[in-house]
Structure formats: structure tokens, C-alpha cells
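The values are calculated or read from the model by the stated rules, or taken from the named source; none is laboratory data. The structure displayed is predicted, hence computed values, not measured ones. Cβ: placed from backbone, ideal geometry, glycine included. Neighbour counts: every protein chain shown. The accessibility values were calculated without ligands, DNA or RNA, using every heavy atom of the protein model including side chains. Shrake-Rupley method; radii C 1.70, N 1.55, O 1.52, S 1.80 Å.
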Amino acid sequence: MSHTNAFPLPSQSVAENGDRDRSLVLSVNGLVTDFDTASGTVHAVRDVSFELRKRQRLAIVGESGSGKSAMAMSLVGLVPQPGRVVSGSVKLNGTELVGLDDAGISRIRGKDIGLVFQDPMAALDPLKTIGSQFVETIRVHQDVSVKVARRMACELLAEVGVNDPQRRIADYPHQYSGGMRQRVLIAMAIANDPTVVIADEPTTALDVTTQAQVLDLLAKICDERGNALIMITHNLGIVEELCDSVNVMYAGRFVESTSTRSLFGSPAHPYSKALLDCVIDPAATKRGALPAIPGSPPDLSVDEPGCPFVARCPLGRDELRCATERPEARALASGAVVRCHFASDTPGDAA
Ligand SMILES: Nc1ncnc2c1ncn2[C@@H]1O[C@H](COP(=O)(O)OP(=O)(O)OP(=O)(O)O)[C@@H](O)[C@H]1O
Ligand SMILES: [Mg+2]
């Protein structure tokens, strides 16, 4: 099987999945998203490109404020005010999504792209039963009766581990635990058989064990159904266990795009390496949070000419070049695509 994907899948997952369909489903090119605020324009997403294949499980990692949610929201036309997609292309099964009107993008959202939001309480209406919200989610996109939609909802709730769904469907969101609410959101996200599921920090409020169980369930369901999955998380342990490829985001750009195996085996970008080095800290792992790297990310309202990581970079081999010349994305022999003048294929050589 040949892959033209610039962000290749690791050989392991291709082998494990045998000859199952790995066709291209999502293609993002040069995506740029700004927030026009009173204190200036925040360039939150800067020239992001990637591809996603059927059954691929892609993680997006990066510290808080790096643009992960802005990027995810840009894919589905949900960038909050005062944000806007400035340029770029998002093609889902060949259909351009950037520039679609509200009706057009609404037909895609919740149907072809399933969303598991950051905060389950915000995503669910506290005044409506789980059942009525679920039935509505199905009937917006599928021409089925309330009775059929209810039956589908019960089956999906059972699939995600909600016991006695015929009874629980009449409950309100507050009557579910945090973990169970996440399971409900997963069931709703897959209800209309989406091509891609995007999960943005779906479990921040949950304890680490529940978090792992919920994400494990999401990954398993997507694999069984053939959905591609984009998982945005701070938990690198979960990334290593559940995802086959990773895009490391820093200051609005992907600084390393590679297979999970290559990232954890020999991270190429010094930022990736710093992230992984910190993970050895057991306190960070216990919290399930992305570890803190000394220094702060750059101000996203300023467009510096050099490498945005220069001030925090431990390499410091050529400060002038790093400070004045922005590294373009380049592919290493390992297949990793990195934005660093000095990143190397040779383990230990990069940093
Ligand atoms: N509504 C908004 N108005 C102005 N700026 C915003 C808005 N939403 C996000 N931003 C800015 O865009 C940048 C990216 O934010 P984003 O929420 O995408 O980060 P993130 O990587 O998802 O962080 P986290 O890990 O904390 O969820 C940040 O600098 C943030 O301040
Ligand atoms: Mg976010």
C-alpha cells in the first residue's frame, strides 16, 4: 500500500489493520485563523496542513493556548467571535468546507463530522432529557420517526456502556456522572455515522482512570465503525496508547507531524523532546496534564520572523538563524515532518 500522506501512519498500524480501507477522508491545507481583538489580531492558527485517512487516530498535542481548539473549531465552522478563518482549505471527502454557508456547514456538522466537546455540561442542555436531545441530534440529519430515533439512541447508549438505557434516557444531564455524560456525548457524536470524529479535551474534568476508559472506548468505537479520529489532549500517555499519529502544535503551527512510535521513540523537534522529557515527571503523569516547559510561548498577536520556539529552545546552536529565519516544514528520513533548522533523524543528535 502506498501513502502519499505527508504525515504517514506507522507501519505497525498499517500491518495491524491489514488491507482495510485507508482512503483519504480529510485534507487540510494552509489553514489560517485569527481573532480580531481590541488589543490586536491574535494569529491562533498559522498555516496548518494535514491529512487524515479512514480509521486513522490522530492526536493533536501542545500546551495551553497553542491553537488546538481554534484549529478544531475552524474545521467545522465554529470559530467563536471575534475569530474567523482567514484562508486555507478543509476538504472532507473532496468537499470544500471553508466558505460554506451556515446551512451547508450545519449539514456536515454532527453528520459527517461528529464532535465531542471540551465541556460535557456546556454541550448538553440541562433543561432537556438526554433522550429528547439525542432524538433531536438524530432527526436533524436522518429522516426517521421519533420512535426509531429513540430506539437508535438506546442502542447507542448501551454501546457506550450506559446501563438500562430505556430508563436512563428519560434522565436529565445532571443525573449522570461526569464519565457517563462523556459517554453520552460519544454516543451522540457517532449517532449519524460520521466520517471523522473530533474529540477536544473530552475528559479534562475526569479522574485519570475514567479519562483513559472513556478515550479507550471512543478509539475502539471509531475503529470498529471505520471513523477517523482527531483527539486533542494534554495526556501524552493516552496519545501513546491510543493514537497512531501525532501533530505537535506550538504557537499556532504544527512543529512536528509524525507517527506515535517515532515521536515517542525519537522526537525530532526540540519542543517535542522537551514535552516528552517532562513526562517522566510522575506528578505530571499522575495529573494527566501536559507538563510545563520553562519559559512562555510567544505572543500570538506578534508575527516574529524567526522560529517561535527560539527563546525556550535548548539547542541554541545558531541563534541568529533561529531568530531571523522561520523554519519551513521539512520531511526527515524517518517520515517525521518538522519545523526546525536543526532537527535531525539521528536519535540524540537533535537536542
Ligand atoms: N474567543 C477568543 N477571543 C480572542 N482570542 C481567543 C479566543 N479564543 C481563543 N483565543 C486565542 O487563540 C489562541 C489559541 O487558543 P485555543 O483555545 O485554540 O488554545 P488551545 O490549544 O485549545 O488551549 P487549551 O489547551 O487551553 O485548550 C490563544 O492565544 C487564545 O488566547
Ligand atoms: Mg482547547
query: Given the conditions (1) touching a helix residue (DSSP H, G or I) at 6+ places or on another chain (Cβ under 7 Å); (2) without any contact (Cβ under 8 Å) to a residue 60 or more places away in the chain, and given that residue 220 satisfies all but one, which numbered condition is not satisfied?
result: (1)
task: With the condition kept exactly as written, say whether any residue in segment 131-143 is open to solvent by 30 Å² or more (accessible area, probe 1.4 Å), of a type in the set (Asp, Glu) and within 16 Å of ligand 2 (Cβ to nearest atom).
output: no
- prompt: Can you tell me which residues in segment 294-315 are assigned to a loop (DSSP other than H, G, I, E, B), more than 16 Å from residue 275 (Cβ to Cβ) and either within 16 Å of ligand 2 (Cβ to nearest atom) or of a type in the set (A, V, I, L, M, F, W, C) (or both)?
  reply: 300, 302, 307
- request: Out of the residues in segment 162-221 that are of a type in the set (Val, Ile, Thr) and open to solvent by 10 Å² or more (accessible area, probe 1.4 Å), state the one that is modelled with the highest pLDDT.
  value: 195
statement: In segment 81-95, residues that are free of Cβ contacts under 8 Å to residues at least 60 places away in the same chain and more than 9 Å from ligand 1 (Cβ to nearest atom) total 6
- request: Taking residue 39 as the residue in question, decide whether it is touching a residue at least 60 places away in the same chain (Cβ under 8 Å), closer than 29 Å to residue 293 by Cα, among the hydroxyl-bearing types (Ser, Thr, Tyr) and crowded, with 17+ Cβ neighbours inside 10 Å.
  value: no
- request: Output the residues belonging to segment 36-76 that are in a loop (DSSP other than H, G, I, E, B), assigned by the TED database to the domain that holds residue 194 and of a type in the set (Gly, Ala, Ser).
  value: 62, 64, 65, 66, 67
- request: Out of the residues in segment 223-237 that are away from ligand 2 (no atom under 15 Å from the Cβ) and buried (at least 22 other Cβ atoms within 10 Å of the Cβ), state the one that is nearest to the chain's Cα centre (by Cα).
  value: 229
- line: Picked from segment 47-80 (must be crowded, with 24+ Cβ neighbours inside 10 Å and not aliphatic (A, V, I, L, M)), the residue farthest from ligand 1 (Cβ to nearest atom) is 56
query: For segment 81-120, what are the residues that are in a strand (DSSP E or B), open to solvent by 20 Å² or more (accessible area, probe 1.4 Å) and of a type in the set (Val, Ile, Thr)?
result: 85, 86, 95
statement: Scanning segment 36-60 residue by residue, those modelled with pLDDT under 95 and within 16 Å of ligand 2 (Cβ to nearest atom) turn out to be none
message: Within segment 1-35, take every residue that is open to solvent by 50 Å² or more (accessible area, probe 1.4 Å) and either under 20 Å from residue 297 (Cβ atoms) or in a helix (DSSP H, G or I) (or both) and give me the one that is modelled with the highest pLDDT.
response: 16
